[in-house]
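> I have a structure here, written as structure tokens, and I will follow up with some questions on it.
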Amino acid sequence: MTEALSEVTDTATGSSLGARVAQMAAIIGAEHYPNGERAALRRWSPEQPIPLAFYRLWLRHLGDDLPPEFQTPAWMTIAWGLATLGKEGHDPRRPLGQALAESQFSEGRIEQLLSAPEDVRLDLFMKAVRFLAAKGERFDWRDGAAFLLTLDNEQRQRLNHRIAAAFYRHQTQN
């Protein structure tokens, strides 16, 4: 992207995407955040309705207005992923591509993820996050949020380029 991820504006709130993701990660990872709410976020899958835990999270902690309806599944996926990876799941110093490479995510799977059409992008991303969770990995969720929320084809190509570059830069040679 031409803008730094932290400067990309969240259309739902007018705040930067980086700030919104960091705020969401801090809330979900906070000691006082109810375990039942975290569990409800983790149990969600895309074929299910958005859980009330998401709406409570958003309206009580993140803003007065919900994200636009077309972005809600992507934002729910971000909340799901942060709850799934746990308290330390967001690491602003570790790009998504690096985390995938260092956890031995296959080239075929990264290619499939980065070339995924809109209708399967969310499912493939969730599989990648489950893979990282199983390995105890964390990453910069600004990358994940941008991956899920970017609809512009040119911006998506730039984002895919950055994720792939980080992946290959950190991939171990066999």
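The values are calculated or read from the model by the stated rules, or taken from the named source; none is laboratory data. Computed from a predicted model, the values in this text were never measured in an experiment. Cβ placement follows ideal geometry from the backbone for every residue including glycine, while neighbour counts extend to all protein chains displayed.
> Quick check: is even one residue across segment 144-154 modelled with pLDDT under 95, farther than 29 Å from E37 by Cα and part of a helix (DSSP H, G or I)?
Yes, segment 144-154 has at least one match.
> With respect to the numbered conditions (1) touching a residue at least 40 places away in the same chain (Cβ under 8 Å); (2) surrounded by 11 or more Cβ atoms within 10 Å (Cβ to Cβ), which one is the sole condition not fulfilled by P51?
Among (1) touching a residue at least 40 places away in the same chain (Cβ under 8 Å); (2) surrounded by 11 or more Cβ atoms within 10 Å (Cβ to Cβ), P51 violates only (1).
> Go through segment 152-174 and report how many residues are exposed (fewer than 11 other Cβ atoms within 10 Å of the Cβ) and under 16 Å from S115 (Cα atoms). Let's see the steps before the verdict.
Step one: of segment 152-174, the residues exposed (fewer than 11 other Cβ atoms within 10 Å of the Cβ) are 152-154, 172-174.
Filter once more, keeping what is under 16 Å from S115 (Cα atoms): 152-154.
Qualifying residue count for the region: 3.
> Answer yes or no: is there a residue in segment 109-122 that is touching a residue at least 24 places away in the same chain (Cβ under 8 Å), of a type outside the set (F, W, Y), surrounded by 14 or more Cβ atoms within 10 Å (Cβ to Cβ) and in contact with a His (Cβ under 8 Å, 6 or more places away or on another chain).
The answer is no, given that none of the residues of segment 109-122 is touching a residue at least 24 places away in the same chain (Cβ under 8 Å), of a type outside the set (F, W, Y), surrounded by 14 or more Cβ atoms within 10 Å (Cβ to Cβ) and in contact with a His (Cβ under 8 Å, 6 or more places away or on another chain).
> For segment 56-78, enumerate the residues that are surrounded by 22 or more Cβ atoms within 10 Å (Cβ to Cβ) and among the hydroxyl-bearing types (S, T, Y).
The answer is T77, and nothing else.
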